[in-house]
Amino acid sequence: MKPDAIVLVSGGMDSCVCAALAQRDRHPAYLHFDYGQRTAAREREAFTAIADHYGIEDRLVIETDFFRLIGGSALTDTRLAVPENGLDESVIPVTYVPFRNAHFLAAAVSWAEVLGAEAIMIGAVAPDSSGYPDCRPEYYQAFNELLRLGTRDGRVRVETPLIGLAKAEIVRLGLELGAPFPLSWSCYQNSAQACGRCDSCRLRRRAFQQAGTSDPIRYATQEGAC
């Protein structure tokens with residue numbers, strides 16, 4: 001059976017749940033990006049493990065170096081420190097990779113047109129998250145209008161099934177779906193053991209705590225859970 005959806009799978013918690021939803025509702029292909037991020041090798045390992053878990057045959061890894069060359073983000077520029085002091089909701093964090101999702105989605109749409117898939121699924125989350133501007137609902141509404149005008153038949157659409165959920169709700173949904181959380185990786189700066197201090201680790205740990213369950217991955221520190 002040909003894939004009817006492309007799922008962007010970073011290997012993180014949200015994309016893991018998005019993959020579980022796709023497994024339930026669609027016949028998916030998986031897409032992953034190595035864009036020069038600090039934990040690229042570990043994220044690819046998580047992507048491969050999740051794809052193997054679900055037996056995904058159609059999978060693609062795209063390597064691109066321009067985000068690292070452009071810089072401006074602590075995820076791609078090692079001269080910038082990854083914040084460990086918690087989120088300041090009044091500012092966009094330095095871990096934001098400028099306009100990243102537009103590039104990811106554009107590649108996904110190109111592959112979808114080749115495969116004949118009708119949907120792009122991405123685990124973007126608006127509330128209770130890092131506040132990245134390319135994770136807002138309005139962003140995806142605008143992007144879908146672009147796809148209506150700029151694709152072969154205008155049928156490809158971006159789906160954001162998690163975008164209105166709090167992180168704890170995403171954990172609960174993942175547990176309900178049997179998402180393979182132990183295979184996922186969320187840490188922004190460590191690959192051997194999650195640091196437990198960066199924004200992504202803090203959000204993940206808090207989500208599992210609020211969901212009333214234990215995070216199956218281990219952390220280097222017990223501090224900074226919230």
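The values are calculated or read from the model by the stated rules, or taken from the named source; none is laboratory data. Quantities reported herein were computed from a predicted structural model and do not represent experimental measurements. Cβ: placed from backbone, ideal geometry, glycine included. Neighbour counts: every protein chain shown.
Here are the numbers for this structure:
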quantity	calculated
Scan of the range 97-131 for residues that are at pLDDT 95 or above and not aliphatic (A, V, I, L, M), ordered by number	98, 99, 100, 101, 103, 104, 110, 111, 113, 116, 118, 123
Single residue of the range 63-72 satisfying the filter (in a loop (DSSP other than H, G, I, E, B) and under 11 Å from residue 36 (Cα atoms)) that is modelled with the lowest pLDDT	65
Qualifying residue in the range 70-92 (condition: under 18 Å from the mean Cα position of the chain (by Cα) and of a type in the set (D, E, K, R))	no
Any hit, the range 110-127, residues being closer than 20 Å to residue 201 by Cβ, without any contact (Cβ under 8 Å) to a residue 60 or more places away in the chain, touching a helix residue (DSSP H, G or I) at 6+ places or on another chain (Cβ under 9 Å) and not aliphatic (A, V, I, L, M)	yes
Unique match (being of a type outside the set (D, E, K, R), in contact with a Pro (Cβ under 9 Å, 6 or more places away or on another chain) and surrounded by 15 or more Cβ atoms within 10 Å (Cβ to Cβ)) among 51, 40, 74	74
Verdict on residue 105 being closer than 24 Å to residue 47 by Cα, aliphatic (A, V, I, L, M) and not in a loop (DSSP other than H, G, I, E, B)	yes
Elements of type helices (runs of 4 or more DSSP H) contained in the range 113-226, each with 2 or more residues being hydroxyl-bearing (Ser, Thr, Tyr) and crowded, with 19+ Cβ neighbours inside 10 Å	137-150
Looking only at the range 148-205, and only at residues there that are of a type in the set (S, T, N, Q) and touching a residue at least 60 places away in the same chain (Cβ under 8 Å), the one that is farthest from residue 73 (Cα to Cα)	184
